[in-house]
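Below is the structure I would like to discuss, written out as structure tokens.
The values are calculated or read from the model by the stated rules, or taken from the named source; none is laboratory data. Just so it is clear, the structure is predicted and the values come from calculations on it, not from any experiment. Cβ: placed from backbone, ideal geometry, glycine included. Neighbour counts: every protein chain shown. Accessible surface areas use protein heavy atoms only, side chains included; no ligands, DNA or RNA. Shrake-Rupley method; radii C 1.70, N 1.55, O 1.52, S 1.80 Å.
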Amino acid sequence: MMTKKSKITLEKERLMAEVLGKKRYGDFDIKTFEEEIKKDYGVIYEEKPKDEKQIFDNALEQLKSKIIGQDQALKKLCMAFRRPYVLENPHCKNAMIIYGQMGVGKHAALSELAKILSKDDIVNSYDVYSMDMSLYSSPSQELLFLQDLFTAINSRGSIICFENFKGCHRNFLQMLNDLVVDGEIILNKRYISQKGQLIESQSGLVKDAIRTIKARDKYLIFISDHDIQEIEELFGKSFLDKIQDEIAFEQLSKEDISILISKKLEQLQIKANDKLKLTLKVDESIHAWLLDHFDVQKQMESIMAYLEHFYLVISQFVLENGNDEQAILIVEGMPIIKGKNAIKALSEQDDMQTRLAAIDHELDEIVGLTKVKDHIRTLQSHMLIQQKRKAQGLKTTEISKHMIFMGNPGTGKTTIARLISRYMRAIGALDQGQLVEVTRADLVGKYVGHTAPLTMQIVKSALGGVLFIDEAYSLYRGQDDSYGLECIDTLVKAMEDHRDELIVILAGYDREMEEFLTANSGLRSRFPNIIHFEDYTAEELLQIAISIAKKQEYQIDEGAYASLLAYFAAKQKDKSAPSGNGRLARNLVEKAILQQAKRLLNDSNSRIELLKKEDFVLEG
């Protein structure tokens, strides 16, 4: 007797067939599979009509229980996924825009909905294929973009997300526009599919050549962390006219954040119990601390960053102290985990003033550079005031933080750049605070199409920190230097696309840097902070030499001061650039240490830490 089953159990039967050694179905041919199952197991498949309204109503209720504070957005999201069952789109299942600031639940809602709808076969899989469009920054990456898009469209999942458009080259945005507006991308070269991958054909006429890319059975979702205007500016009106679902995720309320924090802390407890075999209690003070440290700009991303760090510390606590079986998270001046026999801090001491004071002390220790220090402290004052305004919910005034350091070699430009990166990290203006130091050789490629990806690779490594380009004028060698100009154009665009997460500092000689600023019309306006590093005086170089010796636990004999002053004065009078400024002092001290070693071999009674006048080789 034949039995009946719906297609919902199809996946289970496929797995059963595989286990029993039956034919595998790479393309999952439904009709062939049904015939095989009917023949082997006596099962008849009968398609049951779906009540899609009931399915989506249930999906909405499930979503509301998981995603807090976005009921209206979730309702619109379910409507957008149901739309193909009411009004067919000839180009794709549906194209929609989801927007709202980071950390408000856009990706989480989409992921949860995919899981829910996959159970009812509304979507083929709970997989959500995501394409980061900022990865395709150069026209030379066309094949890579098309291969990734082809793979996404031919994947088993029904949902493709596109995001981070601002870093993307215009050509690829136009292709996505064509996919939505015209229903296809017309390829300008011959391609074939080889093992599921798009390959450019090297011959003439090709059987089964791929000439277009279409996405008829996919949901195309465009996600923006900004407002709808960003999409319109990048894609245009004809694109928006084809979009029937624009879904806005609102900023979360304080009550919503409080509920979410409670849920995330519960998840942290469950994870600690499952993974670390630790019964974790959470004091109410932790909830209050997280709520107090909630960042309005980053929304739940800021809370998740803390919780991820907490879990890492808790894991280390278990490794260091064994399994105490039970511990508590509590705030005692700062968040800590407290076990039976051990305590560990969960977060760094929240004391910005202490960290800034340490950086200020380092700045004071630097010899000279009075004007540079004044500029840095002015910048500090502005940033601190903006931080206070932000905390009070007032509007903030964003100024460009990109800088140009002009001056001769050895005047402290790299040292100041490092301090600036650390300072910006200390006050939260930068997430990471790393200093990435590069020259032309690191940014400019050696063949056509190589420069833009190479430059963007460096930019991405510096995101969250400072990109310091030494001898920046070498990027521009005249109008015939197409590689250098491509690098500059890419850099200018990247600065705009990542203006909130990157500071660029260009360094070089005064005259050469002035010429360099003419290479791109938008270059000078993006670097309003031009800081001149003066050459060191003889007195300053002597102080630098004394400081360098002290750091290496040496002391310069006062009897050598007069000779060193005279030597530095002569060097700085006409040859400050080639002499190296601070490098001149460093080289002189290093040579003196070598000379002292020779002298001490013949004079064992001399003080081992003292550098005398005769140890300094004062030539030229």
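Looking at the range 468-475, is at least one residue open to solvent by less than 60 Å² (accessible area, probe 1.4 Å) and either modelled with pLDDT under 85 or over 24 Å from ILE376 (Cα atoms) (or both)?
Scanning the range 468-475 turns up at least one residue that is open to solvent by less than 60 Å² (accessible area, probe 1.4 Å) and either modelled with pLDDT under 85 or over 24 Å from ILE376 (Cα atoms) (or both).
Residues to consider are PHE249, PHE162; find the one that is more than 29 Å from GLN457 (Cβ to Cβ), within 25 Å of the chain's Cα centre (by Cα) and of a type in the set (Phe, Trp, Tyr).
Result of the check over PHE249, PHE162: PHE249.
Inspect the range 246-259 for any residue being β-branched (Val, Ile, Thr) and in a helix (DSSP H, G or I) and give the result as yes or no.
So far as the range 246-259 goes, yes, one or more of its residues are β-branched (Val, Ile, Thr) and in a helix (DSSP H, G or I).
Here is a follow-up. How many residues does the range 79-99 hold that are closer than 17 Å to CYS161 by Cα and open to solvent by 10 Å² or more (accessible area, probe 1.4 Å)?
Qualifying residue count for the region: 3.
When the residues of the range 421-441 are filtered to those that are of a type in the set (Gly, Ala, Ser) and either in contact (Cβ under 8 Å) with a residue 40 or more places away in the chain or under 16 Å from LYS460 (Cα atoms) (or both), which remaining residue is surrounded by the most Cβ atoms within 10 Å (Cβ to Cβ)?
SER421
Kindly list, by first and then second residue, each pair from a residue in the range 496-516 that is over 21 Å from LEU430 (Cα atoms) and of a type in the set (Phe, Trp, Tyr) to a residue that is at pLDDT 80 or above and part of a strand (DSSP E or B), limited to pairs with Cβ atoms under 8 Å and residues at least 6 apart or on different chains.
TYR509/MET406; TYR509/GLY407; PHE516/LEU506; PHE516/GLY508
How do the strands (runs of 3 or more DSSP E) wholly within the range 332-414 filter down when requiring 1 or more residues that are modelled with pLDDT of 80 or more and in contact with a His (Cβ under 6 Å, 6 or more places away or on another chain): which remain?
Fully inside the range 332-414 and qualifying: 403-407.
So, one more: With the requirement that a residue be in contact (Cβ under 8 Å) with a residue 12 or more places away in the chain, within 23 Å of ALA327 (Cα to Cα) and open to solvent by 20 Å² or more (accessible area, probe 1.4 Å), what does the range 294-307 give you?
Those that are in contact (Cβ under 8 Å) with a residue 12 or more places away in the chain, within 23 Å of ALA327 (Cα to Cα) and open to solvent by 20 Å² or more (accessible area, probe 1.4 Å): MET304, TYR306.
Something else: Across the range 228-253, what is the number of residues that are open to solvent by 60 Å² or more (accessible area, probe 1.4 Å) and under 18 Å from LYS76 (Cβ atoms)?
Going through the range 228-253 one residue at a time, the tally reaches 5.
Has the range 134-152 got at least one residue that is of a type in the set (D, E, K, R) and open to solvent by 60 Å² or more (accessible area, probe 1.4 Å)?
Within the range 134-152, none of the residues are of a type in the set (D, E, K, R) and open to solvent by 60 Å² or more (accessible area, probe 1.4 Å).
Output the number of the condition that TYR311 fails; it satisfies all remaining conditions of (1) of a type outside the set (A, V, I, L, M); (2) more than 30 Å from HIS226 (Cβ to Cβ); (3) in contact (Cβ under 8 Å) with a residue 24 or more places away in the chain; (4) open to solvent by 70 Å² or more (accessible area, probe 1.4 Å).
Exception for TYR311: condition (4).
I'd like to know if the range 437-444 contains one or more residues that are in a loop (DSSP other than H, G, I, E, B) and either over 20 Å from GLY407 (Cα atoms) or in contact with a Pro (Cβ under 6 Å, 6 or more places away or on another chain) (or both).
yes
OK, next. Restricting the search to the range 55-73, which residues are buried (at least 20 other Cβ atoms within 10 Å of the Cβ) and closer than 23 Å to GLU232 by Cα?
Answer for the range 55-73, where residues must be buried (at least 20 other Cβ atoms within 10 Å of the Cβ) and closer than 23 Å to GLU232 by Cα: just ALA73.
When you go through LYS264, LYS214, LYS275 one by one, which is the residue that is in a strand (DSSP E or B) and of a type outside the set (A, V, I, L, M)?
Going through LYS264, LYS214, LYS275 in turn, the sole match is LYS214.
Next up: Checking GLU320 against (1) modelled with pLDDT under 80; (2) acidic (Asp, Glu); (3) open to solvent by 60 Å² or more (accessible area, probe 1.4 Å); (4) more than 27 Å from SER421 (Cα to Cα), only one condition comes out false. Which one?
It is condition (1) that GLU320 fails.
Are there helices (runs of 4 or more DSSP H) fully within the range 490-582 with at least 2 residues that are of a type in the set (Val, Ile, Thr) and loosely packed, with under 14 Cβ neighbours inside 10 Å? List them.
Result: empty, no element qualifies.
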